Amino acid sequence: MPATAEYVYGMLAPGGLLLATNVDPSNPIRNIMGYIFEWCLIERTGPEMSKLIPEGATKDDCKVTAESTGCNVFLEVRKTDAGTVNNDPEIQQAFADYDRQDSITNSKGGLLAGDCAHALGSFTMDYFVYPQHLWPFFQLRLASGLLTGGVLGC
């Protein structure tokens, strides 16, 4: 990911925002995600996310935050250029609030869509590979999906 962050940062226009997210190892449903959803992640803490800051970025242009549960860690890097960025703190904060909420909403939507696609694919696989266990597996997958949705607040 460090090379990816460097590459994406290099492609940003002045004023552009690089936003990266990772799941923190303290995530209480990490075992469910790994063993039931078969979603293996590279987990990173806030300090580990800080190591991904591109070399060309200044410290003032970077922020590592987490959402309220602390499970999702965000790296925000703004590519500034003195002539194109509005330095009014009120405007910057309003945009940051809007942008953060929009990113969280889009992430939840993506997770929900991925969850549905995974459930459909798993059901199809179970039908052909484990037909005798189709109903119990479906119940487990449905329960884990509902649990994940409940934890995410979807």
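The values are calculated or read from the model by the stated rules, or taken from the named source; none is laboratory data. In this text the structure is predicted, and so the values were computed from the model without any measurement. For neighbour counting, all protein chains shown are included, and Cβ atoms are generated from backbone atoms with ideal geometry for every residue, glycine included.
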Residues that are touching a residue at least 24 places away in the same chain (Cβ under 8 Å), among the aliphatic types (A, V, I, L, M) and more than 21 Å from Asp99 (Cβ to Cβ), drawn from region 2-53: Ile29, Ile32, Met33, Ile36, Ile42
Matching residues, region 68-77, being crowded, with 17+ Cβ neighbours inside 10 Å and either part of a helix (DSSP H, G or I) or of a type outside the set (S, T, N, Q) (or both): Cys71, Val73, Phe74, Leu75, Glu76, Val77
Of all residues in region 72-105 being in the same structural domain as Pro54 (by TED's automatic domain parsing) and modelled with pLDDT of 85 or more, the one that is farthest from the chain's Cα centre (by Cα): Lys79
Residue among Ala57, Ala13, Ala3 that is modelled with pLDDT under 85, aliphatic (A, V, I, L, M) and either at positive phi or not in a strand (DSSP E or B) (or both): Ala3
Residue that is touching a Leu at 6+ places or on another chain (Cβ under 6 Å), surrounded by 12 or more Cβ atoms within 10 Å (Cβ to Cβ), part of a helix (DSSP H, G or I) and of a type outside the set (Lys, Arg), where the choices are Asp115, Asp126: Asp126
